[in-house]
Amino acid sequence: MLHSVPEVDVVKDWLDYTNLVVGLGGFTAALVAILLARRAQRSADVGITQERRRLFELEILRELMRDLDETKLVAEAYSNPRALKKYDLRLGLLTSRLSMWDAVMRSDGTATLLELAGLDARHRELKAIGAELSKADAKILARDGEWTHDEAWQARTKVKNDMQLNRSALGDLHAEGQVWLRDRLAWDVREAIQSRVRAGEQRRLSRSERWWYSV
């Protein structure tokens, strides 16, 4: 004869509930720790990528400044602005392009650069004076038989002197234009370098701050 086993009702006490809460708390803490670790790693990876990008761009900018200082780049660009086209690919690798370099590349010629520099009015004036002096010299030659030798010599000497002064003034103007062009191109590069250097000097965020901003 089999005896029936009496059913026993298990009543959970406070200790059971405490163990359950502790277990859930440990599981939650582990999940949070994993999440924080993943976020910290992601922030570190982003920081490394940004630092590599910053150094890469600084190297490009250093090469541009070197070419401005050590080559005939400014003289070439002044006579033919499209000479800067050879830097188009490198400029495209920067986070933000250099505005003056792009403006020069779009220029049609020296006259456009003089306009950008605000020297175009003086340039037109000197060119007009030169044209008038050339006409005056031609008239003197045409009237050579009407004047005495001394009169013709004096007239031509004056015109030749004035033409020389005009050419000298034009030379000074173009020299000023080249100085302006070099300064503006260099200013763009220096500003870009300084902005990237400042970015590298920013205070690094703590792990908790990186996690907060990445949420």
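Rule-based calculations on the coordinates, nothing more; no lab input. Since the structure is predicted, the reported quantities are computational estimates derived from the model, not experimental observations. Cβ atoms come from the backbone with ideal geometry, glycine included; neighbour counts cover every protein chain shown.
Between GLU151 and ARG53, residue separation times 0.36 nm minus the direct Cα-Cα distance comes to 28.0 nm.
Other residues with beta-carbon under 11 Å from the beta-carbon of ILE193 carry, at +1 per Lys or Arg and -1 per Asp or Glu, a net charge of +1. Taking 0.36 nm per residue of separation and subtracting the Cα-Cα distance, full extension of the segment from ARG190 to MET163 would add 5.7 nm.
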